[in-house]
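Peer 1: I'd like to ask some things about the structure below.
The values are calculated or read from the model by the stated rules, or taken from the named source; none is laboratory data. Everything numeric in this text was worked out from a predicted model, so none of it was measured. Note that each Cβ is placed from the backbone with ideal geometry, even for glycine, and that neighbours are counted across all protein chains shown.
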Amino acid sequence: MGDEKIIHGKKNIILNIAAIGVLVALLFPLYWIVVTSLKTEQEIFRIPPTLFPEMINLKSYAAQLDSGDFNMFRSFANSMIIAMGSMILAVVLAVPASYGIAKYKFKGRRIMLLGFMVTQMLPVSVLLTPMFIMFRNIHAYNTPFAAILADATIGIPFSVLILKNYFASIPKELEEAAYIDGCNRFTAFIKVLIPIAKPGVIVCAIFSFLYAWGDLAYGMTFIIDQQKRPITAGIFNFMGQYGTKWSYLTAFAVVTIIPVALIFIFMQKYIISGMTSGAVKG
Amino acid sequence: MVRIKKFFRYDNIGLVFVLPAFIYMLVFVGYPILNNIVLSFQDVTVKNLAGGVKEFVGLKNYIEIFHDDVFIHAIYNTLIFTVSCLVVQFIIGFALAVFFNQNFGFSKVIRGLLMMPWMIPITVTALIFKFIFGTDVGILNFALQSLGLIQENVEWLTTPGTAMLAVVFANIWIGIPFNMILIATGLTTIPQELYESASIDGAGKIQKFIRITVPLLRPTIESVLILGFIYTFKVFDLVYVMTSGGPVNSTHMLSTYSYKLSFEMFKYSKGSAVANVLFLILLVVSMFYLKTTTKEEA
């Protein structure tokens, strides 16, 4: 069904309307959370519910600027530090590793590859207690480093498996030309191969960031102080304490989605490529 | 020295590139996996967690969890949850993939937008559905009442049976884009000529679907289902945020129960044992996946 011919006329209109129907139905929950965050607490509980806020109310966001235990902007900054740190760590380690796996047939290569694949399927539950003990022993517990180190273990195997395909597809001649120009293996890798594999590196960076940004289990287990916790753990805490303060909760949720939405809007092609190549080819 | 040089002359130089990442994974994943197995045979409490003597108790933790109703129920819940999510999200995802594979005006743009639910942090998704399924505040109860399907508000998340329904529903919402995009990619690999020659032979749409699409899509379908199983079976964030395993343990999954044992009841060893059971099941399923994917790797 690959390149089916372009549909015109009446059928085109009907299909477009149906598609918009699907879109509205599936994305309604997202719309709902955004409009709710702009309502007052009273309006949220009104029956029948209003599909659009009577008056745009930014209080739920503004209230967060006062420092309290649940300052969402501080949680946001914490998450940013954790996600960026974990992304950098994952990319720095995974890019050379994927090149090594793609281009060299050393002993133990297959077992390492298998190792990366298996870790991708691990449930966090298996790692939580041992990591908890380890981070306490190395004094990383209750610091952003604990979450950064733990989150990178999700980004690294994903990135290695994705990027390996990019490096494998680069013809050997390009590398050999670099050697003739006086590069050694390491400079050729940095000056020639990485720039060619750049789209792949971007995919890895995005996904490593997103994994860490969305993480809850590591962030809430290894970081105890609310002031240091990532935004996902902040939401969870807030729910526990102020259960039904939906105006604040939805504002919290919207702030959490913003970076994801920006990445989504500007880098959609990388995301789809990452999802499909990562999952199907493994 | 010469030997070292010789070792790094050709292919083994690849090790220099791979080792940093590999060692990192050994330290932060490999060691914890082994450590978790050891922990599950010990008796670890808050007192001896970080240091001190951890007594070996043999299979005691495993024997206890298999006599624990909540654990048995969690296995059953995880299976029900996984299978119901897989079936529904696969069918909807497949239908949408076929639908958006038609080349009409905004097909690709809209399909792109539908990926959004898969991307947002699961904690947020859980919050959204907790809100939608809310008893007094939830729009679902309002909609069902308006349609006359229910007389009074249903307490979705605080009633054992319906709470499971709500978490399944939320997880399907996350899973649809994943299924759709993978199947859509699979569809593009089917050569168009096959359909054309089938048309010439007089095949109808349904026949083409059954005779061409499904068989040629088999590898894709297999990996979508196995991967879907793995991702769904280890669900944690969604259930933990939406219900925390409640009401009365009715939505506990293996992952959430393991978490509760370790980090709420501080029975670390029992929690580890539950996690190992979860891991073992996933490992067996992963074998199927690795078998299909590693063939082409070598």
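Peer 1: If you scan the range B:175-191, which residues turn out to be among the hydrophobic types (A, V, I, L, M, F, W, C) and facing chain A (nearest Cβ under 8 Å)?
Peer 2: Within the range B:175-191, B:Ile176, B:Phe178, B:Ile181, B:Leu182, B:Leu187, B:Ile190 meet the criteria.
Peer 1: What number of residues within the range A:61-116 satisfy the criterion of being more than 23 Å from A:Ala205 (Cα to Cα), within 9 Å of another protein chain (Cβ to nearest Cβ) and assigned to a helix (DSSP H, G or I)?
Peer 2: Within the range A:61-116, residues that are more than 23 Å from A:Ala205 (Cα to Cα), within 9 Å of another protein chain (Cβ to nearest Cβ) and assigned to a helix (DSSP H, G or I) number 2.
Peer 1: Still on this model: Out of everything in the range A:9-44 that is crowded, with 17+ Cβ neighbours inside 10 Å and within 11 Å of B:Phe104 (Cβ to Cβ), what residue ends up being modelled with the lowest pLDDT?
Peer 2: A:Asn12
Peer 1: Sticking with this one: What's the total number of residues in the range A:46-81 that are touching a Gly at 6+ places or on another chain (Cβ under 7 Å) and either modelled with pLDDT of 85 or more or within 23 Å of A:Phe189 (Cβ to Cβ) (or both)?
Peer 2: Qualifying residue count, the range A:46-81: 1.
Peer 1: Among the numbered criteria (1) part of a helix (DSSP H, G or I); (2) over 22 Å from the mean Cα position of the chain (by Cα), which one does A:Ile154 miss?
Peer 2: Exception for A:Ile154: condition (2).
Peer 1: On to the next question. Which helices (runs of 4 or more DSSP H) sit wholly inside the range B:82-151 and have at least 3 residues that are farther than 30 Å from A:Pro230 by Cβ?
Peer 2: In the range B:82-151, B:107-113, B:139-146 are the helices (runs of 4 or more DSSP H) which contain 3 or more residues that are farther than 30 Å from A:Pro230 by Cβ.
Peer 1: Which condition number does A:Pro53 fail, the rest of (1) more than 7 Å from chain B (Cβ to nearest Cβ); (2) crowded, with 20+ Cβ neighbours inside 10 Å being met?
Peer 2: Going through (1) more than 7 Å from chain B (Cβ to nearest Cβ); (2) crowded, with 20+ Cβ neighbours inside 10 Å one by one, A:Pro53 breaks only (2).
Peer 1: Select from the range B:105-162 the residues that are without any contact (Cβ under 8 Å) to a residue 60 or more places away in the chain and among the charged types (D, E, K, R) and list them in ascending order.
Peer 2: Hits for the range B:105-162 are B:Lys108, B:Asp136, B:Glu152, B:Glu155.
Peer 1: Report yes if B:Ser262 is farther than 30 Å from A:Arg109 by Cβ, outside the structural domain of B:Ile37 (by TED's automatic domain parsing), of a type in the set (S, T, N, Q) and without any contact (Cβ under 8 Å) to a residue 40 or more places away in the chain, otherwise no.
Peer 2: Judged against the criteria, B:Ser262 is a match.
Peer 1: Which pairs turn up if I take residues in the range A:193-206 that are without any contact (Cβ under 8 Å) to a residue 24 or more places away in the chain and look for partners that are not in a helix (DSSP H, G or I) with beta carbon separation below 6 Å, at least 6 apart in sequence or on another chain?
Peer 2: No pair meets every condition.
Peer 1: A further question follows. Can you tell me which residue among B:Ile91, B:Ile72, B:Ile80, B:Ile4 is over 18 Å from B:Ser255 (Cα atoms), modelled with pLDDT of 95 or more and more than 12 Å from every other protein chain (Cβ to nearest Cβ)? Outline the logic, then answer.
Peer 2: Values: B:Ile72 fails: over 18 Å from B:Ser255 (Cα atoms); B:Ile80 fails: over 18 Å from B:Ser255 (Cα atoms); B:Ile4 fails: modelled with pLDDT of 95 or more.
Only one candidate qualifies: B:Ile91.
Peer 1: Go through the range A:169-189 and count every residue that is of a type outside the set (D, E, K, R), surrounded by 13 or more Cβ atoms within 10 Å (Cβ to Cβ) and within 11 Å of another protein chain (Cβ to nearest Cβ).
Peer 2: Matching residues across the range A:169-189 total 1.
Peer 1: Tell me, please, whether a residue that is within 12 Å of chain B (Cβ to nearest Cβ) and more than 21 Å from A:Met84 (Cα to Cα) can be found in the range A:202-224.
Peer 2: No, the range A:202-224 has no match at all.
Peer 1: Please find, within the range A:243-267, the residue that is farthest from the other protein chains (Cβ to nearest Cβ) out of those that are under 14 Å from A:Glu41 (Cβ atoms) and without any contact (Cβ under 8 Å) to a residue 40 or more places away in the chain.
Peer 2: Among those that are under 14 Å from A:Glu41 (Cβ atoms) and without any contact (Cβ under 8 Å) to a residue 40 or more places away in the chain, it is A:Gly243.
Peer 1: Something else now. Can you find a residue that is buried (at least 23 other Cβ atoms within 10 Å of the Cβ), in the same structural domain as A:Thr276 (by TED's automatic domain parsing) and hydroxyl-bearing (Ser, Thr, Tyr) anywhere in the range A:102-119?
Peer 2: no
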